[in-house]
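What follows is one structure encoded as structure tokens, with my remarks underneath.
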Amino acid sequence: MSAKESWSSNMGVILAVAGSAVGLGNFLKFPGQVAMYGGAAFMIAYVISFFILGMPIAFAEWTLGRHGGSKGFNSPPGILMRSCPWPKIKYFGLLGVMLTTIVYCYYIYIEAWCLGYAVNFARGVMDFKSIDAAGDFFVSFIGAAENGAAISVSFEKVFVFFLVAFVLNFWLIYRGVSKGIEFFCKYAMPTLVLIALILVVRVMTLGAVDETHPERNINQGLGFMWNPVKVVLEEKGENGEWKEISRLVGYEQIDAAKERVAKMKKEAQSAGKIGGENLTDGKSAAHPELRVREISVFEQLLNASIWIAAAGQVFFSLTVGFGAILTYASYLKKNDDIVLSALSSSAANEFCEVCLGGMITVPAAVAFFGVSGVVGAGLSLFDLGFRVLPLFFTHIFWGSVFGLMFFALLFLAAVTSSLSMLQPGIAFMEEAAGVGRKFSSLIMGVITFFISGFVLYFSKDLKAMDTFDFWIGQVIIFIFGMVEVFILAWVIGAKKGVDLANSGSIIKLPKISWVVLGYITPITIMIVFAAWLAKELFGFGVGKSSPYISDLTGGATGEPNLVAWMCMAIIAGLYLFLAMVLASSKKYKKFEDRQI
Amino acid sequence: MTIGGWITFILSTGSVCALFVWCMYKVVSSGRAEKISFDVDAGHSDNPKKRSFPEE
């Protein structure tokens, strides 16, 4: 039997797990979410989710991983089989291999965008005059206009960067856990933090980017993200319902809007259009058509969407429920620390997300576009990262250098994450097929090259990527994470789970943690998953069913989407292939026979 | 940004920074930051070189 791989230092595993968690979401998605849902309210929901959802699931993954690793299993099927009395759980554990493999296949595509943007900033060719020009470059670069458009050898197409990123990942993964993943993360993570700190200083010292709009500044950008009370200008629609038309940030803007509304009301009253009965309460100035409304933190927290968004952000940001931490932790020994390591890697992720990501993206974008400009351009991950910010960088002094730094930062964050997605598959091939690292890397290389090539080719409207992301990157991850928690909480037992986690750890979980792990976390994750499914899949509260369902059923048009169905076929095919490898595994059979 | 915004901002970033710094301090001061408690680090298993490290 080949020698068992392992980490070479405690700091190495912490940086590798932190690297797995720190990704594009930290720098692009989190700031957009905070801005969208309001600073204090979102942070309250976020912190609560972090402690009752994120950390317990992370502890569960670290504990199950180390537990499975002590019996020589490093991949999710083996780790779950080692932790449960039912050997067939290994077929469920296969989901952990399948989901990381498929997520890698579209994540590498996005990783290539970051590399491509960094290189193009270095070449000095990123010079956009408008948001539309930045958007057009993005669509052309990734090939979103038509299928096959991305496959072209040019600096202004993603294809070459995809090949470079793919080879880099496999070169590192082939070198092994210690010499590849740990080695890279040990240098990449500090470099990433250093670049982010330089960018934070640059953004925080921005003067007026656009002298014709002095109100657009960093103070307004920070206020847009962090002000606890959301102040909005609303307009009354024909059906009598008030609808938000703009967000107001800063005392000057709020006072100006109130004055404007009061003036309009006065003019309307003097013209005899309205009576006093239309006046609203004391905190809003009223007009038949417009009003300024202050939404308190408490009122914002009554909105279920904010809780789903915060829980989802914590869940996906920490990459829990993913199988990656499970695999990484399996390379630890029985008495190695996991409580402090889990907390440290999560804290590192939060530091990158809140302290670095929260101070770069949205403040910079608002300083350049203003609040309405950013809201108009979009607060989604792709809008902010690949349309708004590239335009911002082309308009500041030394913008090419800062643009290069920003996209290099995203690229490093993406590589440290994608490495963690490959390792479960590599470990599975090694232990189930009984092959060495060289051959398992080759098998995974061939599989991922074809699936990521599929994503790259079917790039029109990002349909292939979007379909994989929804069904695998969200639905299956939620399910897998839930089952992991159930296993530790109810199969192994929460009290025993806490003891297992504390064994060998530098700091200990308090004994009372079993209540959180045994009841609060499993129940919360079920509620969040049910609410998320109701909204995202069945359109509850949105008023329309999911486009992902329509893609498969045909929806109103009656024509199912072929690419979406091909994605489903790939998912099923990959699972069947992995299941065949698992079914013929001598190592698993031997362990199963012993267990029975 | 309003005063409430500054308070939210400082509390959020400050607490996360404090947690991160405390964790790093604990890892480094525990003496395990660079500890190798494992018996083998083979690089990759196609070319294993068995090395042994004493348990602490």
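The values are calculated or read from the model by the stated rules, or taken from the named source; none is laboratory data. All values reported here derive from a predicted model rather than from experimental measurement. Every residue, glycine among them, receives a Cβ derived from its backbone with ideal geometry; neighbour counts consider all protein chains shown.
Is it the case, given these coordinates, that A:Q220 is without any contact (Cβ under 8 Å) to a residue 40 or more places away in the chain and either among the hydroxyl-bearing types (S, T, Y) or more than 20 Å from A:L409 (Cα to Cα) (or both)? Write out each step before concluding.
On the way: without any contact (Cβ under 8 Å) to a residue 40 or more places away in the chain: no; either among the hydroxyl-bearing types (S, T, Y) or more than 20 Å from A:L409 (Cα to Cα) (or both): yes.
It is false that A:Q220 is without any contact (Cβ under 8 Å) to a residue 40 or more places away in the chain and either among the hydroxyl-bearing types (S, T, Y) or more than 20 Å from A:L409 (Cα to Cα) (or both).
Take the conditions among the hydrophobic types (A, V, I, L, M, F, W, C), within 26 Å of A:S513 (Cβ to Cβ) and in a helix (DSSP H, G or I) and apply them to A:L53. Does it pass?
Details: among the hydrophobic types (A, V, I, L, M, F, W, C): yes; within 26 Å of A:S513 (Cβ to Cβ): yes; in a helix (DSSP H, G or I): yes.
When the stated conditions are applied, A:L53 passes them.
Taking the criterion of being modelled with pLDDT of 90 or more, within 7 Å of chain A (Cβ to nearest Cβ) and either farther than 22 Å from A:N335 by Cα or buried (at least 17 other Cβ atoms within 10 Å of the Cβ) (or both), would at least one residue in the range B:7-16 satisfy it?
Yes, because at least one residue in the range B:7-16 is modelled with pLDDT of 90 or more, within 7 Å of chain A (Cβ to nearest Cβ) and either farther than 22 Å from A:N335 by Cα or buried (at least 17 other Cβ atoms within 10 Å of the Cβ) (or both).
In the range A:3-11, is there at least one residue being of a type in the set (K, R), surrounded by fewer than 24 Cβ atoms within 10 Å (Cβ to Cβ) and within 13 Å of chain B (Cβ to nearest Cβ)?
yes
Have a look at A:A150, A:A145 and point out the one that is crowded, with 22+ Cβ neighbours inside 10 Å, in a loop (DSSP other than H, G, I, E, B) and away from every other protein chain (no Cβ under 14 Å).
A:A150
For A:E215, work out the one condition from (1) closer than 16 Å to A:S372 by Cα; (2) free of Cβ contacts under 8 Å to residues at least 40 places away in the same chain; (3) of a type in the set (D, E) it doesn't fulfil.
It is condition (2) that A:E215 fails.
May I ask you to verify whether A:G38 is on the phi > 0 side of the Ramachandran plot and either among the basic types (K, R) or within 14 Å of chain B (Cβ to nearest Cβ) (or both)?
Here the answer is yes, as A:G38 does meet what is asked.
Does A:V158 satisfy being surrounded by 23 or more Cβ atoms within 10 Å (Cβ to Cβ), of a type outside the set (S, T, N, Q) and within 14 Å of another protein chain (Cβ to nearest Cβ)?
Values: surrounded by 23 or more Cβ atoms within 10 Å (Cβ to Cβ): yes; of a type outside the set (S, T, N, Q): yes; within 14 Å of another protein chain (Cβ to nearest Cβ): no.
No: the conditions fail for A:V158.
In the list A:I108, A:I173, A:I102, A:I79, which residue meets the criterion of being part of a helix (DSSP H, G or I) and within 14 Å of chain B (Cβ to nearest Cβ)?
A:I173
Would you confirm, using the coordinates I've provided, whether A:S341 is touching a residue at least 40 places away in the same chain (Cβ under 8 Å) and over 17 Å from the mean Cα position of the chain (by Cα)? Quick ask: steps written out before the conclusion?
Working: touching a residue at least 40 places away in the same chain (Cβ under 8 Å): yes; over 17 Å from the mean Cα position of the chain (by Cα): yes.
For A:S341, the condition - touching a residue at least 40 places away in the same chain (Cβ under 8 Å) and over 17 Å from the mean Cα position of the chain (by Cα) - is met.
Restricting to helices (runs of 4 or more DSSP H) lying wholly in the range A:503-592: which have 3 or more residues that are farther than 25 Å from A:G96 by Cβ and free of Cβ contacts under 8 Å to residues at least 40 places away in the same chain?
Values: elements: A:521-536, A:547-553, A:562-583.
Where helices (runs of 4 or more DSSP H) fall fully within the range A:503-592 and carry at least 3 residues being farther than 25 Å from A:G96 by Cβ and free of Cβ contacts under 8 Å to residues at least 40 places away in the same chain, they are A:547-553.
Scan A:T467, A:T448, A:T416 and give me the residue that is hydroxyl-bearing (S, T, Y), part of a helix (DSSP H, G or I) and under 30 Å from A:I195 (Cα atoms).
Working: A:T467 fails: under 30 Å from A:I195 (Cα atoms); A:T448 fails: under 30 Å from A:I195 (Cα atoms).
One residue alone meets the criteria, A:T416.
Please verify whether the range A:467-490 includes one or more residues that are of a type in the set (S, T, N, Q) and modelled with pLDDT under 90.
Checked against the condition, which is being of a type in the set (S, T, N, Q) and modelled with pLDDT under 90, the range A:467-490 yields at least one hit.
Return the residues of the range A:427-461 that are over 20 Å from A:A579 (Cβ atoms), buried (at least 20 other Cβ atoms within 10 Å of the Cβ) and away from chain B (no Cβ under 14 Å); say none if nothing qualifies.
Selection gives A:S452, A:V455, A:L456, A:F458, A:S459.
Among the residues of the range A:218-253, what is the count of those that are crowded, with 20+ Cβ neighbours inside 10 Å and at pLDDT below 80?
The number of residues fulfilling the criteria is 4.
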